[in-house]
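Below: one structure, written as structure tokens.
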Amino acid sequence: MIACDCPTCRSTDPHDSRLRPSIYVQPAADTGILVDAGPDLRQQALRHDIRRVDAILFTHGHADHILGLDETRRFTAPQGQAMPCYGDETTLTDIKGMFKYVFDPATPKGGGLPALDLIPVTGEISVNGHAVMPLPILHGERPILGYRFGRFAYLTDCNAIPDATWPLLHNLEVVVLDALRERAHPTHFSLSEAIEAGHRIAARKTYFTHMCHDLPHAETNARLPKGMELAYDGLVLEL
Ligand SMILES: [Zn+2]
Ligand SMILES: [Zn+2]
Ligand SMILES: [Zn+2]
């Protein structure tokens, strides 16, 4: 947190140094899928040497998940194609509002604009032939999307899983769940709510994401149930 002196913000453990939540999925060597494009995208792509993005899947249109979208010019420039950007209708409207200059025909060309192809999610998505299943979840009042790639599912920014989505979470190897902090929050799972959801999903391994500075990495991990851990920046999972 800016201007915070709490133990997590002052920690020397690199696991406590957290950029905004986002993941990069490689279903095959020749395909890279980004889930969300937050304000730290440039730094994350440089740090983790992300060179190829074939599509971006948006969970929702909050600033911490879309503000890095302009950076994706670097991924479309070599191929010269528009970046497929998937999201629900609300998210695509949020993107058009936030990045007005990209979609305004009056914007002078030549300064470098991202080429974006906004595609509404209506069912299963295919990226280079790799299937991705959208998972409707609730972020407060707002329905948003998680995504399932084979036996891996990513559910950030949620405080409830609708009845119809539970069957889509069966038989997972790994699930990533939102867990903001201990105290209840109107739009995010608290840690105890996330643990409860994790037990019900019963993946082989459960990781938590979107933690705030209330949850120091090592101290929190030490008291989590078996098979559950806080994720951290740079965590790589092979499935
Ligand atoms: Zn702090
Ligand atoms: Zn959000
Ligand atoms: Zn968020």
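Counting neighbouring Cβ atoms within 10 Å and putting the fewest first, the residues Phe208, Phe103 line up as Phe103, Phe208.
Under the simplified labelling scheme, the Lys109-Arg47 pair shows an inter-label distance of 3.7 nm, with each label point 7 Å from Cα along Cα→Cβ.
Relative to the dominant Cα principal axis of the chain, helix 191-201 is inclined by about 80°. Averaging 1/r over every pair of different alpha carbons in region 70-121 and inverting the result gives a Kirkwood radius of 11.6 Å.
Pick out, in residue order, every one of the GluC sites (Glu not before Pro) in region 174-213 that is DSSP loop and has at most 16 other C-beta atoms within 10 Å; say none if there are none.
Sparse-neighbourhood loop GluC sites (Glu not before Pro): Glu182.
Cβ-to-Cβ counts within 10 Å put Cys9, Cys4 in ascending order as Cys4, Cys9, the fewest first.
When the chain is treated as a Gaussian network with alpha carbon springs shorter than 10 Å, the biggest mean-square fluctuation among Tyr154, Tyr101, Tyr24 belongs to Tyr101. Each of Lys205, Lys226 has some number of other Cβ atoms within 10 Å of its Cβ, and from fewest to most they run Lys226, Lys205. Cross-link partners among aspartates and glutamates for Lys205, C-alpha distance below 20 Å, same-chain residues fewer than 8 apart left out? The qualifying aspartates and glutamates are Asp157, Glu173, Asp178, Glu193, Glu196, Glu219, Glu229, Asp233, Glu238. In loop segments of region 5-104 as defined by DSSP, the trypsin sites (Lys or Arg not before Pro) with at most 12 further C-beta atoms inside 10 Å of their C-beta are Arg10, Arg51.
Computing FRET efficiency as 1/(1 + (r/R0)^6) for Ser11 and Arg181, where r is the C-beta to C-beta distance and R0 is 25 Å, gives about 0.95.
Rg and Dmax of the chain, both derived from C-alpha coordinates alone, stand at 17.7, 56 Å. For a paramagnetic label modelled on Met98 (point 7 Å from Cα along Cα→Cβ), amide N atoms under 17 Å away belong, within region 124-140, to 139-140. Using the rule -39500 (n - 2.57) for each DSSP H run of four or more residues, divided by the residues of the chain, the 222 nm mean residue ellipticity is -4500 deg cm²/dmol.
Quick note: the coordinates plus some simple rules give every number you see, no bench work behind them. Source: prediction; values computed, not measured. Note that each Cβ is placed from the backbone with ideal geometry, even for glycine, and that neighbours are counted across all protein chains shown.
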